[in-house]
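Every read-out reported here was derived from the displayed coordinates using simple, explicitly stated rules and does not represent laboratory data. Just so it is clear, the model here is predicted, and its values are computed rather than measured. Note that each Cβ is placed from the backbone with ideal geometry, even for glycine, and that neighbours are counted across all protein chains shown.
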Amino acid sequence: MLGAATVAAKGVPSRSSDARRLIELEKELSVALVRQDAVVLKRLWSDNLVFTFPDGNMSNKARRLASQKPSAQPSGSDSEMSNDNDVVKVHLYGKTAVVTVLSTWRGRANNQPYSSQFQATHVWAKQKGRWQLVAAHVSAVKK
């Protein structure tokens, strides 16, 4: 699951409640993405979300939510997928945080197993007393 968590506040390592909360939110986000849980994603994503896919295409909250189609496939089916956050690093800057996440996605496509790693940079902002994802950029890790 979580291989490492590094927390930095203005360059000084710290174990703050905000950092712990952001690590929890990253886990919630990962689960919601696998499940295509639009209710959770709507809560976690800012209305002004800017999302950059690994291929460079960009999207926003409304388009991303519209594309969420939870699978009706039973567990163990060809579409089964999982996501583990291998390394999460949190850097706090007041009411803004930059979180880097190295994650591994596993599943089956065309009856063949796959495993892919992605490096994401997430920008979270504390808005109306809660953290929301305002920007995300995801890159495929080349092996």
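Among the residues of the stretch 106-131, those that are under 15 Å from Leu33 (Cα atoms) and touching a residue at least 40 places away in the same chain (Cβ under 8 Å) comprise Phe118, His122. Pairing residues of the stretch 20-48 that are free of Cβ contacts under 8 Å to residues at least 24 places away in the same chain with residues that are surrounded by 17 or more Cβ atoms within 10 Å (Cβ to Cβ) and of a type in the set (D, E, K, R), at Cβ distances under 7 Å and at least 6 apart in sequence or on separate chains, gives Asp47/Lys61.
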